[in-house]
Every structure is written in C-alpha cells, then in structure tokens.
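Peer 1: Below is one structure. I have some questions about it.
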Amino acid sequence: MSPSISIRPLTPSDAQAFRDLRLEALSSHPEAFSSSHEEESPRSLDEFRARIPASGPNAIFGAFAEGRLIGMAGFVVYDRPKARHKGLMWGVFVKQDWRGQRVGKALVQSVIDRASRHVIMIEAAVVLTNESARRTYHGLGFKPYGIEPKAIRVGDRFYDEELIYLEFPGS
Ligand SMILES: CC(C)(COP(=O)(O)OP(=O)(O)OC[C@H]1O[C@@H](n2cnc3c(N)ncnc32)[C@H](O)[C@@H]1OP(=O)(O)O)[C@@H](O)C(=O)NCCC(=O)NCCS
C-alpha cells in the first residue's frame, strides 16, 4: 500500500464521508452486502454518525488518501453474553479507482489487529463468486466453515455466501 494512504478508525466527524462511501458501496455492489441502498439511503446524517463507535472495541476503519475516505472495514463484538467472545467483520469496501493496491488487505488487517485484543474469533461472510474479497480474507488467514445457500437476494438472483472465520492462536 502506498505510504500516502493511511488507515485510522473513523470518528463522528467523518459521518458525511462514511455515509457517502457506504451508500456508494451498497449501490455499486448490491450482491456483496446483506444491507441494501434502499434500506440505508433514507437514513439521516445523524443516524450514520451514531453508527460510528466513539470508543471501545468496535470500530469502522477508514483508508484515507489525500484526505479523502477511499475504503472502509467495520468490526463489531457480538452483544449477547454467550457470544461476546466473537466479533463480526462487516462492510469491507474500497473505491474502484483504489483497488488492487493492498488497501483492502490493510483494512482487514486493522480489523484483525483490533479484534485480537478483544475476542478469540472473527466471523464474516462473503459471496462465493466474489474472488477479490475471498482472496483478501483467505490471504489473511480466514478459513471457510460452511456455505449459506441463497444468502442474498438481489432482484431475481440469489447468491450463496461462504461463511468464514479467523481464530486467534492460543485462544
Ligand atoms: C474486496 C475488496 C475490498 C478488495 O480490496 P482491494 O484493495 O482491491 O484488495 P487488495 O489490493 O488488498 O488485494 C487483496 C487480494 O485480492 C486479490 N485481488 C484483488 N483484486 C482482485 C480481482 N479483481 N480478482 C482476483 N483477485 C483480486 C489481490 O491479488 C490480493 O491477493 P494476494 O495478496 O494473494 O495477491 C474490493 O475489491 C472491493 O471493495 N470490492 C467490492 C466490495 C466487496 O466485494 N466487498 C467485500 C464484501 S464481503
């Protein structure tokens, strides 16, 4: 990744950039995410701001180039007492023009680094035909544990998802 690209957790002041990038992700790759543009576009800036964790283990990592948000990856620890040892990686996205420069890998690595201090395992799901995302995750140690048939529906098409996890050594 170019040294001019930096990665840091988003803060509430990044709300507008987060909203723009998230809606771009949902509209440009509807098959890659379980949420939809129709669901999220009516949400206000304040609602997006409230989704950005201000402290604690949860985070949305942003990749910045020339001060602009060009990629993101979310991490959230499950709430319920019997699941708090696990977290979920969500919303991984890099703007088209910045792909293939290891930005995706760096974002996922940020999630891994954060998660390793708080949980014993990260879970995620990726559409089976999404080669670039699967390569990103597998290359960083995620392993498949199953397939959810027809996990996502976009219009008349169904997409199977590969369910993946990364368990930290010694946990
Ligand atoms: C998936 C995504 C985040 C990857 O980001 P990126 O910055 O382009 O990825 P990187 O440059 O870090 O490359 C990561 C790996 O994927 C591989 N890769 C990248 N683009 C690829 C492509 N089009 N086809 C196959 N492999 C590809 C790279 O070679 C690299 O693997 P390697 O280390 O074994 O060589 C990006 O393609 C994206 O935003 N896609 C649309 C949204 C999406 O699918 N998100 C995932 C939802 S689960």
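Peer 1: Restricting segment 63-77 to residues that are in contact with a strand residue (DSSP E or B) (Cβ under 7 Å, 6 or more places away or on another chain) and within 17 Å of Pro3 (Cβ to Cβ), which is surrounded by the most Cβ atoms within 10 Å (Cβ to Cβ)? Give the derivation first.
Peer 2: Filtering segment 63-77 for residues in contact with a strand residue (DSSP E or B) (Cβ under 7 Å, 6 or more places away or on another chain) gives 63-65, 69-77.
With within 17 Å of Pro3 (Cβ to Cβ) added as a condition, the list becomes 63-65, 70-71.
Numbers: Ala63: 26, Phe64: 17, Ala65: 18, Ile70: 22, Gly71: 24.
Out of the qualifying residues, it is Ala63.
Peer 1: Further, regarding this structure: So Lys150 clears everything in (1) out of contact with any Pro (no Cβ under 9 Å at 6 or more places or on another chain); (2) open to solvent by less than 60 Å² (accessible area, probe 1.4 Å); (3) assigned to a strand (DSSP E or B) except one condition, right? Which one?
Peer 2: (2)
Peer 1: Where residues in segment 107-138 are open to solvent by less than 40 Å² (accessible area, probe 1.4 Å), among the hydrophobic types (A, V, I, L, M, F, W, C) and not in a strand (DSSP E or B), which of them is nearest to the ligand (Cβ to nearest atom)?
Peer 2: The extreme case among them is Ala133.
The values are calculated or read from the model by the stated rules, or taken from the named source; none is laboratory data. Keep in mind it's a predicted model, so treat the numbers as computed, not measured. Quick reminder, even Gly has a Cβ in these numbers, built from the backbone with ideal geometry, and neighbours come from all protein chains shown. To get the accessible areas, we keep the full protein, side chains included, count just its heavy atoms, and leave off ligands, DNA and RNA. Shrake-Rupley method; radii C 1.70, N 1.55, O 1.52, S 1.80 Å.
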